[in-house]
Amino acid sequence: MKTYVAKEQEIEKKWYLVDAQDMILGRLASQIASRLRGKHKPIFTPHADTGDFVVVINAEKVSLTGNKWDNKIYYHHSGYMGGLKQISAKKLIEKKPDQVLYMAVKRMLPKNSLGRRQLKKLKIYAGSEHPHVAQNPQLLKM
Amino acid sequence: MPRVKRGFKARHRRNKVFKAAKGFRGSHSKLFTAATVAVDRARQYAYRDRRTKKRDFRKLWIIRINAAARENGMSYSEFIHGLNRVGIDLDRKVLSDMAIHDPAGFSKIVEMVK
């Protein structure tokens, strides 16, 4: 008996809708990441994209525990000397309300080309509107 | 005694390495020294990975069983504990295959285990 390997054309990819209002950032992100990878399906195959599409609304209303709005700091480096940039979670959600959740999920996915492809199935919107009505995403309770 | 030149043996020795290095990138399939190193290393990886293959597949089966068990409202660890308690002697390979090709049968096992 051979272990089943999912082929790209056999994989059924569904659309899910997630309301991020008052959800705790990391716990929500880990569940979204797991859906994007397809680890909730018995056909999960590590080298194939078996995951579903996830549409997130109300991303700006996501919550953080403790003092993390002030203390959680996102770092990145421009590559030049003294080029270490930083921004606190509070500032980031004011400037780019969808980025906080996006970064959390991105950093939970595998850091390779498959992970980058899986991240493209994540659609995050700050408000309660989303343009994917045609895909008829199913509401998912996290 | 006929005169013996070394070219024939040497060529055969090198060709053996080149044959094993087919498809390697750049100089690793074209230059003898680089190809020798690459082939030695490739064989070490092959030896190691024949062993890790068994662990990798077990990991994959466990991920799949976990997904299927959760669809039936149970975590993997609870499921396996239940199997041991009830005394069902199916291995992870068979269970993961059932989860994909016979979901109804898998649900039945979960019911028995509950």
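Observations on the structure shown:
- Inter-residue pairs, beta-carbon under 7 Å, first farther than 11 Å from A:Leu36 by Cβ and in segment A:102-127, second of a type in the set (Phe, Trp, Tyr) and outside any loop (DSSP other than H, G, I, E, B), 6+ apart: A:Met103/A:Tyr74; A:Ile124/A:Tyr102
- Test for B:Arg58: is it open to solvent by 60 Å² or more (accessible area, probe 1.4 Å), within 13 Å of chain A (Cβ to nearest Cβ) and on the phi < 0 side of the Ramachandran plot: yes
- So B:Lys93, is it within 14 Å of chain A (Cβ to nearest Cβ), exposed (fewer than 11 other Cβ atoms within 10 Å of the Cβ), within 20 Å of the chain's Cα centre (by Cα) and assigned to a helix (DSSP H, G or I): no
- Per this entry, A:Asp22 is counted among residues that are more than 19 Å from A:Lys106 (Cα to Cα), under 19 Å from the mean Cα position of the chain (by Cα) and of a type in the set (Asp, Glu).
- Being at pLDDT below 95, on the phi < 0 side of the Ramachandran plot and outside any helix (DSSP H, G or I) is a description that applies to B:Val4.
- Being among the basic types (Lys, Arg) and either within 15 Å of the chain's Cα centre (by Cα) or within 14 Å of chain B (Cβ to nearest Cβ) (or both) holds for only one residue in A:Lys68, A:Lys72, A:Lys14, and it is A:Lys14.
- Odd one out for A:Ala134, checked against (1) open to solvent by 20 Å² or more (accessible area, probe 1.4 Å); (2) part of a helix (DSSP H, G or I); (3) touching a residue at least 12 places away in the same chain (Cβ under 8 Å): (3)
- The residues in segment A:40-93 that are of a type outside the set (Gly, Ala, Ser) and part of a strand (DSSP E or B) can be counted, and the count is 14.
- Filter result for B:Lys16 (within 14 Å of another protein chain (Cβ to nearest Cβ), in a helix (DSSP H, G or I) and either at positive phi or exposed (fewer than 12 other Cβ atoms within 10 Å of the Cβ) (or both)): no
- Restricted to segment A:19-39, and to residues there that are open to solvent by less than 40 Å² (accessible area, probe 1.4 Å) and in a loop (DSSP other than H, G, I, E, B), the residue that is nearest to the other protein chains (Cβ to nearest Cβ) is A:Gly38.
The values are calculated or read from the model by the stated rules, or taken from the named source; none is laboratory data. Given the structure is predicted, the values throughout are model-derived calculations rather than measurements. Note: ideal-geometry Cβ built from the backbone for every residue, glycine included; neighbour counts use all protein chains shown. Heavy atoms of the whole protein, side chains included, go into the accessibility calculation; ligands, DNA and RNA do not. Shrake-Rupley method; radii C 1.70, N 1.55, O 1.52, S 1.80 Å.
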